[in-house]
1. Quick one: how many residues across the stretch A:431-456 are more than 22 Å from residue A:484 (Cα to Cα) and at the interface with chain B (Cβ under 10 Å from one of its Cβ atoms)?
2. Somewhere in the stretch A:58-65, is a residue within 25 Å of residue A:191 (Cα to Cα) and buried (at least 16 other Cβ atoms within 10 Å of the Cβ)?
3. Give B:162, B:209 a once-over and let me know the one that is within 12 Å of another protein chain (Cβ to nearest Cβ) and within 23 Å of the chain's Cα centre (by Cα).
4. For the stretch A:430-496, which helices (runs of 4 or more DSSP H) that fit wholly inside it have 2 or more residues that are touching a helix residue (DSSP H, G or I) at 6+ places or on another chain (Cβ under 6 Å), free of Cβ contacts under 8 Å to residues at least 60 places away in the same chain and within 15 Å of residue A:395 (Cα to Cα)?
5. Among the residues of the stretch B:86-101 satisfying the criterion of being surrounded by fewer than 17 Cβ atoms within 10 Å (Cβ to Cβ) and in contact with a helix residue (DSSP H, G or I) (Cβ under 8 Å, 6 or more places away or on another chain), which is nearest to the other protein chains (Cβ to nearest Cβ)?
6. If you check residue B:35 against the conditions, is it more than 14 Å from every other protein chain (Cβ to nearest Cβ) and part of a strand (DSSP E or B)?
7. Quick check on the stretch A:396-411: of everything there that is more than 11 Å from every other protein chain (Cβ to nearest Cβ) and modelled with pLDDT of 75 or more, which residue is surrounded by the most Cβ atoms within 10 Å (Cβ to Cβ)?
């Protein structure tokens, strides 16, 4: 039987040849990141194909069909969340693979082409992440993609054409979804698969690079079963982590994209936090070259990434040191180490800036599905409950969102320099009589919690009834992280 | 696997070399023709057409009659007046509810309005072309786009402070849309208004944000 197949295909000897490949220096868990990335890619392809069986790309159907997957598809939320977390896993594993190859010096001659293909694969995966982010067409998808398109459009010379190609119209709309879908589902995956094949073919041609040493290792391991076993263990761990994340932290889906909600603060995917941090760190206007102004945005979104990618692509030619042993190339190892620290630091700063922006935003951040969403049925309960409630806190919420939320923001976070936060504000949770006096008579020019705020708090006495004032104060004292007592109408009337 | 004993042997005559060169060239040319034949129309098809990049023509939308009547009779503060808007999004036609901020003023206030907002009473110069001119002369009302000229958030009327306030970045404007404080670069944007045989109508204009000049991006 095997001979019959071998005679007609040559497959058996090809497989044997593949499995008996030498691993210089022996098998190692350091070598598992490439194959683990491949496993994550396979998971992405399978779950992605599954999602296209339900997903329909258009402004009228993208969000609706995504929600349908959550609500009416057997295993839908799980598979969708696997696709969501699989993307993160793929990027994390690729980064590890890239760093391992860098530190081992495995990009050096004769593996330059393999390295360049690898860097391109990394960039294509980031584009996959970026384009996939838009497809659910929720608030975050819309706002984040608008930022991405704006960044692409602000790059000198090629920018406008890039933005036109991505957006296909004067505003983001249904044609943009179709474009991103075509890029995410056909263009990039096909290119990616072809390049993965090339990456592996060149890898077989060169063989494994082995440990970072300059003498030929005496010990040789076999690809099968030694390295295959370690790769299998890593793949299993990768799979288990993706499954666990998909089960415990299902992908969040926010409310449907709403172009009129421009107050929404988008949160980028975590792997763009370093870029986001860099952008937040740079000042608006930096300097001018001739009459051409160079903004921090241009540096952060175009210059620094271009230099970074350029260095990665040309690394085998920039670092011409033929030695691979770590102690023979201290500058390179030190520089790599510092770069990793810098990227992690910027990422941490980016994450903190996102949190700060979200805390100051008027809302819309609570998902309708997935991690952080209220349990099913809560929507109806809330909708039915507010109409008949006599709870002063619930009644106060309506008063608050109509009159106060525009300055103090729906989450009580206030607006920096304009209106103070009410959440976590000791004055708000302190003496009720003082709070009532401020709401009654207004306030201006006071320093609140060590900061000054420019907007004038209008006097609400006469505009709101005492019972409404009691309700709204009860609401602000008992909402977010505040836990102070409710205020009664009698207390409001007692304050002059 | 090729058999090493079996090797092509062809005479290296000039005719043979010329024949082989010819066939190689034909292969390359044919491949280029097919490649370009596919690539050119595909890439050309991805360039956004004039249709989708069209700024559109100004459209007149009737304002909600009840709300407008109430506005004309009683409004002392700026008031939201709603209307129904149809927007073409690629191959979709969407009907959405939209609103404008209506400001009603007494003759005294009108003088104040003119003094506050010279930008609304001058004929725009340069390349800015208003296909529908905004004429607020002596009609006693102004209609403002609800989109903040800073970064496109929706601002609110703060009755207590008697000013428009944008919740996103804190730009404030007077009742007449004059920019008071905050990061915006210009006052509130006007929307063309007309009243033909008792039907009040508005044209929706999307203006460029951030910049100090009022530049029309599209009519939707």
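The values are calculated or read from the model by the stated rules, or taken from the named source; none is laboratory data. In this text, all values refer to a predicted model and were calculated from it rather than measured experimentally. Note that we place each Cβ from the backbone using ideal geometry, even for glycine, and neighbour counts take in every protein chain shown.
1. 5
2. yes
3. B:209
4. Details: elements: A:432-441, A:466-477, A:489-494.
Hits in the stretch A:430-496: A:466-477.
5. B:92
6. no
7. Once the filter is applied, the top-ranked residue is A:396.
Yes or no, residue by residue, for (1) within 30 Å of residue A:173 (Cβ to Cβ); (2) within 11 Å of chain A (Cβ to nearest Cβ); (3) modelled with pLDDT under 90:
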| position | (1), (2), (3) |
| --- | --- |
| B:52 | yes, yes, yes |
| B:59 | yes, no, yes |
| B:62 | yes, no, no |
| B:69 | no, no, no |
| B:84 | yes, no, no |
| B:103 | no, no, no |
| B:113 | no, no, yes |
